[in-house]
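Have a look at the structure below, then the notes.
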Amino acid sequence: MTSQARPEGSLASIFERLIASHGPISVSHYMAESNARYYGGRDPLGEQGDFITAPEISQMFGELIGLWLADMWVKAGREDLVHYVELGPGHGTLAKDVLATTRRYGLEPKVHFVETSLILRDIQLATVSQAKFHDDLSTVPPYGPVLIVGNEFLDALPVRQLVMTGDGWRERMVGWRDGQFAFVAGDKPMDSAVPEAMRAAGPGTIVETCPGAAASLYEIAGRLVKQGGAALLIDYGHHAPRTGSTLQALRQHRMVDALAMPGEADLTAHVDFSALAPIAQSRGARWLGTVPQGHWLRQLGIEVRAERLARVAPEHREAIFAAMERLIGEGQMGALFKVMGLAGPDWRGGEGF
């Protein structure tokens, strides 16, 4: 979209003026502002939105998470006051399925949603009427065990990118060139921000970090150590360090240019789980492991659950198994998505890892 065709109040026009006045902006600034505008102005989920998440694909996803949480709670001694905390709860579908399952085992926790979108809060409240809302984890009660779930939450947090140039490491920025947004290198040396083992990488190498994800893990782990509890963080990403940009944009279920329509497409980046586990461990939390989603769901019995559902509703058998395959298939969500498990020092167990 050219600058002439942009509405005056669009984020693209705001960015264009900002860059013209003050120079390029960082990738993290661009991503943060874009996603704030994007999530603040629409419901992005479902067939009519821009993407579909696992809870919307099948109830089995939430049921197995609920089973895992209930198992951890039973092994920890069945405390009465427990908080279920979900980060970025979407439509509330995951929480609804999780809570229906935990209830069968006597676990009926207080429900807390960390959500900043007012549009999504209205939808979530209609799905889970007892939920209390928070802008971040800081206002969740500091007493009683916490059962924390984040499904496709970390991937939307802004990433910082550093690029190796002929003059050394520089921050990767978004500038304006030939009538459109373009990636450019900043002018300040950034060598000290790059891990020493990677500083000698060749020109063009990109290192990506996510300060927001690191801060979230620090807070989650601290809660688990202080209050007890367990956490599941599920997202697409990798569990070994790697280089390169993973920034991507989705609109109407299709990949689009990440710089083409700021604020109008969902911007995400792959989660570096290898950087997060040490943060949790540094606070004394138990890292149960990070495994592919397909492996985790199989270990928890998704194939048996699908067969049972198909026996109850044989007319839906094909759809049930198609949904299962979408969740666990190697070529679909099964390999790309990872599940990270964490627990307080005194909370035992952790099936699937």
> Highest mean first, what order results for 218-229, 250-261 on Cβ atoms within 10 Å?
Replying inline: 218-229, 250-261
>> Starting from the 7 Å offset along Cα-to-Cβ, what nm value, one decimal, do you get for the label separation of His22 and Phe133?
In response: 2.9 nm
> Do you know the relative contact order of the chain, to the nearest whole percent, from alpha carbon pairs under 8 angstrom that are 6+ apart?
Replying inline: 21 percent
> Taking other Cβ within 10 Å of each residue's Cβ, how do His22, His112 sort, fewest first?
Replying inline: His22, His112
> Is segment 139-241 best put as rounded, prolate or oblate by its Cα gyration tensor, with a ≥ b ≥ c the root eigenvalues, rounded for a/c under 1.5, and otherwise prolate when a/b is larger than b/c, oblate when not?
Replying inline: prolate
> Once fully extended, how much extra length lies between Ala215 and Gln180, figured as 0.36 nm per residue of separation less the alpha-carbon to alpha-carbon distance?
Replying inline: 9.3 nm
> Which whole DSSP H helices in the chain pass both tests: a Cα extent of 18 Å or more along the axis and a mean Kyte-Doolittle value no lower than -1.0?
Replying inline: 27-40, 59-75, 211-227
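Full extension from Ala260 to Ala36: what is 0.36 nm times the residue separation minus their Cα-Cα distance, to one decimal in nm?
The span from Ala260 to Ala36 would gain 79.0 nm if fully extended.
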> Rounded to the nearest 5, what % of the DSSP beta bridges within segment 90-188 are antiparallel ones?
Replying inline: 75 percent
> What shape does segment 76-115 have by the C-alpha gyration tensor, where a ≥ b ≥ c are the square roots of the eigenvalues, rounded means a/c under 1.5, and otherwise prolate means a/b greater than b/c and oblate the rest?
Replying inline: oblate
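Name the shape class, rounded, prolate or oblate, that the alpha-carbon gyration tensor gives for segment 234-353, where a ≥ b ≥ c are the square roots of its eigenvalues, rounded holds for a/c under 1.5, and otherwise prolate holds if a/b is larger than b/c and oblate otherwise.
Cα axes put segment 234-353 in the oblate bin.
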>> Antiparallel versus total DSSP beta bridges in the chain: what percent is that, nearest 5?
In response: 60 percent
> Given a Förster distance of 22 angstrom, what is the FRET efficiency for Glu108 paired with Arg308, based on the Cβ-Cβ distance and rounded to 0.05?
Replying inline: 0.40
>> Antiparallel versus total DSSP beta bridges in segment 162-319: what percent is that, nearest 5?
In response: 90 percent
> For Ile119, Ile65, Ile328, what's the fewest-to-most ordering of other Cβ within 10 Å of each Cβ?
Replying inline: Ile119, Ile328, Ile65
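At 0.36 nm per residue, and after removing the present C-alpha to C-alpha distance, how many nm does the segment from Ser13 to Arg121 gain when stretched out fully?
Stretched out fully, the Ser13 to Arg121 stretch lengthens by 36.0 nm.
Values in this text are rule-based calculations from the coordinates and carry no lab data. Note that the coordinates shown come from a computational prediction; the quantities given were computed from them, not determined experimentally. Every residue, glycine as well, gets a Cβ built from its backbone with ideal geometry; the counts of neighbours run over all protein chains shown.
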